[in-house]
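Worksheet: one structure, shown below.
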């Protein structure tokens, strides 16, 4: 039996809202039930949008709600040397190349619909929304309806937005690693199989879902997929608990971690998301669900947590 280590990983690009609280409840409940440790990781890899005042508010609100992590917080902005070392390991294997493509370039090179087609979710949680992409196959039926946006990961997208697949335009161009270029890691075709603790057996094909994975963007920021994968490996995270919006990221993170040398992957649990509408998950801009606003209105920690979890079924 390996030690259970999980993490709560908010991005300091806004204040906490009820969606984050649902994730925190899952993280603390599931990890403590298994006598595990919880790390607090501030995912401030996006230097343009991250703010120190948001980080301070996140830490304060978590303490007010009673969510205590084990050990000091870690900031991704202070872990550049760790990411560089991981990148060097991939470079040594010939897996890294420079890419000059913009998102518009990738969209123009994509199929006429601009992205992979969505399939309607089979389960009751779909609520009429469309869920995961065709090449990221889900086996098993998730329970419940969508509930909260997790604290980590990409900027807000509606569930009807499809992900662009990178077509490999710069794969063999041998471009220099220069300002204005991003970096990608070659993902050879693979089938990534894992058992989600809520959804059951899963199969994903990252090379079909997203193509070669970006690890550093054209502005010099480490990407979420790369930084989170490296941190989970280096920090010894064995249990990843996050929202359903990140389920499709799992296969590519498993493949990337294996390329980095991780022998035993973590377990994954993806929970339901609170949806603002049938198509759109909760975001930091939804002030009526912000923890700061609820505190100012006189809500107690217990009432905030109860309200957050009341919006989740399953």
Do we have residue 55 as in a helix (DSSP H, G or I), farther than 22 Å from residue 249 by Cβ, at pLDDT 90 or above and within 19 Å of the chain's Cα centre (by Cα) here? yes
Only one of 257, 263, 228 that is assigned to a loop (DSSP other than H, G, I, E, B) and at negative phi: 263
Taking the condition surrounded by fewer than 19 Cβ atoms within 10 Å (Cβ to Cβ) and modelled with pLDDT of 95 or more, does residue 47 pass? no
Only one residue in 91, 103 is over 18 Å from residue 243 (Cα atoms) and modelled with pLDDT under 95, so which one is that? 103
Take residue 6 and decide whether it is assigned to a strand (DSSP E or B) and crowded, with 19+ Cβ neighbours inside 10 Å. yes
Restricting attention to the stretch 40-52, which residues are part of a loop (DSSP other than H, G, I, E, B) and under 15 Å from the mean Cα position of the chain (by Cα)? 43, 44, 45, 46
Say whether the condition of being modelled with pLDDT under 90, within 30 Å of residue 13 (Cα to Cα) and assigned to a loop (DSSP other than H, G, I, E, B) is met by at least one residue in the stretch 187-209. no
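The values are calculated or read from the model by the stated rules, or taken from the named source; none is laboratory data. Computed from a prediction, not measured in an experiment: that's the story for all the values here. Positions of Cβ are generated from backbone atoms using ideal geometry, with glycine treated the same way; all protein chains shown enter the neighbour counts.
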